[in-house]
Amino acid sequence: MDKEAQIENLTDSIFDLMEDSNFEEALRRAREHRKVEKPEPLPRLKVMADPKNEGKHPLHDNRWIVTANTEIDWNHNETEWALGVGSLVSQMTDCQHQSRYARLFAAAPDMLDALEGVVSIDDISKDVDIKAIIETAKAAIAKARG
């Protein structure tokens, strides 16, 4: 819907609201006009060790960024592996702050959710659960900090 049509719909909703004796119903209709399609949510991520080198060096234990549902399938002698479920999103290169960067990267989708929640507080047409927004933000911070 283009901007002109959005303004027209919003204007109609405001006039309905002013004329309608059923304030709650008019407010619900006005909110319906403002609904915007949300983009598909980002997958949840986690930090994972490089399966073949886990425990051999501290940097290898924080090397992979994977989707939260990722599982490793090992063969019978535990020398060959494959991703059973999930996806490898990124492989960190060795650096001094690798584990910090990996945690921050993995927490990005959670932080985006938290920021979108904070921004929604400014939208007075929405029913906002501030406690839930704060808990989402605290969880994202904890995930990023490790």
Log entry, pairs with first residue in segment 99-112 being farther than 24 Å from GLU54 by Cβ, second being among the basic types (Lys, Arg) and part of a helix (DSSP H, G or I), beta carbons closer than 8 Å, six or more apart or on different chains, reads ASP110/LYS143
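Considering each of ILE133, ILE121 in turn, give the residue that is surrounded by fewer than 16 Cβ atoms within 10 Å (Cβ to Cβ) and farther than 21 Å from PRO58 by Cα. Quick ask: steps written out before the conclusion?
Working: ILE133 fails: surrounded by fewer than 16 Cβ atoms within 10 Å (Cβ to Cβ).
None of the others qualify; the one that does is ILE121.
When the residues of segment 94-107 are narrowed to those that are surrounded by 15 or more Cβ atoms within 10 Å (Cβ to Cβ) and not hydroxyl-bearing (Ser, Thr, Tyr), which ends up farthest from HIS60 (Cα to Cα)? Full working, then the answer.
In the first step, residues of segment 94-107 are kept if they are surrounded by 15 or more Cβ atoms within 10 Å (Cβ to Cβ); the result is 98-99, 101-107.
Keeping just the survivors that are not hydroxyl-bearing (Ser, Thr, Tyr) gives 98, 102-107.
Working: GLN98: 9, ALA102: 11, ARG103: 14, LEU104: 17, PHE105: 16, ALA106: 16, ALA107: 19 Å.
Here the residue is ALA107.
Confirm whether ALA139 is at pLDDT 80 or above and touching a helix residue (DSSP H, G or I) at 6+ places or on another chain (Cβ under 6 Å).
Criteria not met by ALA139.
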Just to be sure, is ASP94 at pLDDT below 85, within 15 Å of ALA49 (Cβ to Cβ) and in a loop (DSSP other than H, G, I, E, B)?
-> yes
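The values are calculated or read from the model by the stated rules, or taken from the named source; none is laboratory data. Note that the structure is predicted; figures quoted are calculated from it, not measured. Note that each Cβ is placed from the backbone with ideal geometry, even for glycine, and that neighbours are counted across all protein chains shown.
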